[in-house]
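So the structure is just underneath, and the comments pick up after that.
The values are calculated or read from the model by the stated rules, or taken from the named source; none is laboratory data. This one's a predicted model, so the numbers in the text were calculated from it and none came from an experiment. Neighbour counts are summed over all protein chains in view; Cβ atoms, including those assigned to glycine, are modelled from backbone coordinates with ideal geometry.
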Amino acid sequence: MNVELITAQIEEILNLQKCHALQLRTSTAGERLKLIRKLHDWVLSHRKDIRTALHSDYRKPFVETDISEIYPVVAEAKHTIKNLKHWMRVRRVPTPATFLGTKAHVQYEPKGSSLIIAPWNYPFSLAIGPLISALSAGCTAIIKPSEMTPHVSSLIHSMVGELFDNNQVYVIEGGLEASQALLAKPFDHIFFTGSPAVGKIVMRSAADHLASVTLELGGKSPVIVTKNANLKDAAKKIASTKFINCGQTCVAPDFVLIPTCVRDEFVNHLRDAIVTLYDREEAGVELSPDYGRIVNDRHFNRLTELVTDACAKGAMIARGGKNLPDQNFIEPTILTHVTDAMMVMEDEIFGPILPIMDYDDLDEALSVVNKMPKPLALYAFSNSNKLLAYIFQKTSSGGAVANDCVLHFLHPELPFGGVNNSGIGKAHGHYGFLEFSNQKGVLKQRIGFTAASTLLPPYNKAKRLLIEGLLKYF
Ligand code: NAD
């Protein structure tokens, strides 16, 4: 479709949605939940279609789709169904002495029309999860799925057509041109998931209309392992969360910082963990039905170049290194003797390559992390609570996990998101609802008099004394 046609289509749908958004201001929890229940039921009854679409796009194993695409959406819907009434309730706030005679509360009004732009790496859940938040808050939504996973994009298109009226939810498929045409329009809120580079473009476009934004971005999420950690347990957890989805996960452990004295023991545990996960027969990971592929040639070439560059600069491959370009297969690859002069330590890796950097003193490891842009997640493994607290206090990251990885993403009561370079705003559950809501502060004058009215001009002596008292005692 050419740009003029896309623009005309967007304009028509957005006008419809803007009108409907006015009606949604008074929508009840029951009305919103009806839509979310429909969505929830569709997802469970179309599990096979979702699995097939993801497998066609990048050979994602079926069970991985169940765990990482279907479960998060179903869990988000269920959590919202259970809690929405409570989230929507007005929140009374206490009345300080200076406001005697008034009553105040916070009420949650829908922001209005929203735009959801999704990435390709969890193309279903990262489009539909935010949609549940938009619906819970009473917003309309236009979704732009990623063009890099066309089967999922087309499935989302038909799902939305089946479940929703155009004035409530609509899907615009396409790549850069579709995104740019959408970003030129005056949405009330934009929920973007993707790279920090595109996040900046989204924020600049949003500025033209002063649309609010949620930016769910990426970054290099470090793992800090301390000397006294359970190394076998850490290796198992790091390997399973690094190599799921072939390393193409926003919160995947990006690199590991480990004391030099335990590095070799840790690497041996990592090797064992990879064998247990994907290569029990020792016939090659490429034969495992549980291991996916890189999404396209561009990313395959980018990742193999990272390994070549690292090896040329002195890194060693402790395991892996095998590639099959015809299938976009990259073996789980562990690099040791890594330094920050290597390309692999510059940007988010987003693939199955795990660099290991040594440190001798914990503060040295923390300074490596603090020199980088703030990551989406930080993982620390240690059997000392004191050290864990020290690491979390001395670093800044969107989220953090002690003695495990990635699990915070699935916890329904935790806010999920980045900080600065890894994102702005928070998603999931109540936090997602708040992101699509305007938290309107409402004050009601009850008796026609407040302390504030005693401070109007003329500022005579008595009033000046009153102000002195106010500054001193309230
Ligand atoms: P991307 O930024 O390239 O693309 C994301 C979306 O933006 C796609 O729909 C794409 O069509 C659109 N887009 C691309 N270029 C654009 C432009 N110039 N102008 C407007 N729109 C544009 O990201 P990706 O490659 O799809 O996903 C990978 C990135 O997403 C990684 O950085 C990863 O960490 C991040 N991510 C973050 C989260 C999170 O929850 N924080 C989740 C998944 C992925």
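Could you tell me which numbered condition Arg32 fails, if it satisfies all but one of (1) free of Cβ contacts under 8 Å to residues at least 60 places away in the same chain; (2) in contact with a Gly (Cβ under 9 Å, 6 or more places away or on another chain); (3) among the charged types (D, E, K, R); (4) closer than 23 Å to Gly441 by Cβ? Tallying (1) free of Cβ contacts under 8 Å to residues at least 60 places away in the same chain; (2) in contact with a Gly (Cβ under 9 Å, 6 or more places away or on another chain); (3) among the charged types (D, E, K, R); (4) closer than 23 Å to Gly441 by Cβ, Arg32 fails exactly one: (1). The residue that is nearest to the ligand (Cβ to nearest atom), counting only those in the range 333-349 that are assigned to a loop (DSSP other than H, G, I, E, B) and not aliphatic (A, V, I, L, M), is Glu348.
Yes/no per residue for (1) out of contact with any His (no Cβ under 7 Å at 6 or more places or on another chain); (2) in contact (Cβ under 8 Å) with a residue 12 or more places away in the chain:
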position: Val3; (1), (2): yes, yes
position: Lys38; (1), (2): yes, yes
position: Lys48; (1), (2): yes, no
position: Thr52; (1), (2): yes, yes
position: Ser56; (1), (2): no, yes
position: Arg59; (1), (2): yes, yes
position: His79; (1), (2): yes, yes
position: Arg89; (1), (2): yes, no
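Taken over the range 437-463, the criterion of being part of a helix (DSSP H, G or I) and surrounded by 10 or more Cβ atoms within 10 Å (Cβ to Cβ) is satisfied by Ala451, Ala452, Ser453, Thr454, Leu455, Lys463.
Any residue that is of a type outside the set (Ser, Thr, Tyr), surrounded by fewer than 19 Cβ atoms within 10 Å (Cβ to Cβ), more than 26 Å from the chain's Cα centre (by Cα) and in a helix (DSSP H, G or I) - is there at least one of those in the range 296-306? Within the range 296-306, one or more residues are of a type outside the set (Ser, Thr, Tyr), surrounded by fewer than 19 Cβ atoms within 10 Å (Cβ to Cβ), more than 26 Å from the chain's Cα centre (by Cα) and in a helix (DSSP H, G or I). Scanning the range 192-210 for residues that are in contact (Cβ under 8 Å) with a residue 40 or more places away in the chain and either touching a helix residue (DSSP H, G or I) at 6+ places or on another chain (Cβ under 6 Å) or over 19 Å from Ala127 (Cα atoms) (or both) yields Phe192, Thr193. Somewhere in the range 68-91, is a residue among the aromatic types (Phe, Trp, Tyr), closer than 18 Å to Pro150 by Cα and not assigned by TED's automatic domain parsing to the domain that holds Phe243? Within the range 68-91 (the criterion being among the aromatic types (Phe, Trp, Tyr), closer than 18 Å to Pro150 by Cα and not assigned by TED's automatic domain parsing to the domain that holds Phe243), the answer is no, since none of the residues qualifies.
The helices (runs of 4 or more DSSP H) falling completely within the range 350-436 that include 2 or more residues that are within 16 Å of the ligand (Cβ to nearest atom) and touching a residue at least 24 places away in the same chain (Cβ under 8 Å) map to 429-435. Just checking, does the range 307-328 include any residue being within 17 Å of Ala252 (Cα to Cα), in contact (Cβ under 8 Å) with a residue 60 or more places away in the chain and touching a helix residue (DSSP H, G or I) at 6+ places or on another chain (Cβ under 8 Å)? So far as the range 307-328 goes, no, none of its residues is within 17 Å of Ala252 (Cα to Cα), in contact (Cβ under 8 Å) with a residue 60 or more places away in the chain and touching a helix residue (DSSP H, G or I) at 6+ places or on another chain (Cβ under 8 Å). Just so you know, in the range 337-383 the residues that are of a type in the set (Ser, Thr, Tyr) and surrounded by 22 or more Cβ atoms within 10 Å (Cβ to Cβ) include one that is farthest from the chain's Cα centre (by Cα), and it is Ser382.
Which of (1) buried (at least 21 other Cβ atoms within 10 Å of the Cβ); (2) touching a Leu at 6+ places or on another chain (Cβ under 7 Å) does Glu265 not meet, given it meets every other one? Evaluating Glu265 over (1) buried (at least 21 other Cβ atoms within 10 Å of the Cβ); (2) touching a Leu at 6+ places or on another chain (Cβ under 7 Å) leaves (1) as the failure.
Number of residues in the range 206-218 that are modelled with pLDDT of 95 or more, in contact with a Gly (Cβ under 9 Å, 6 or more places away or on another chain) and part of a loop (DSSP other than H, G, I, E, B) equals 1. The set of residues from the range 296-309 being under 15 Å from Ile353 (Cα atoms) and out of contact with any Pro (no Cβ under 7 Å at 6 or more places or on another chain) comprises His299, Asn301, Arg302, Leu303, Thr304, Glu305, Leu306, Val307, Thr308, Asp309.
Going through (1) buried (at least 18 other Cβ atoms within 10 Å of the Cβ); (2) touching an Asp or Glu at 6+ places or on another chain (Cβ under 7 Å) one by one, Val223 falls short only on (2). Would you be able to say whether some residue in the range 226-248 is within 13 Å of the ligand (Cβ to nearest atom) and assigned to a strand (DSSP E or B)? No; the residues of the range 226-248 include none that is within 13 Å of the ligand (Cβ to nearest atom) and assigned to a strand (DSSP E or B).
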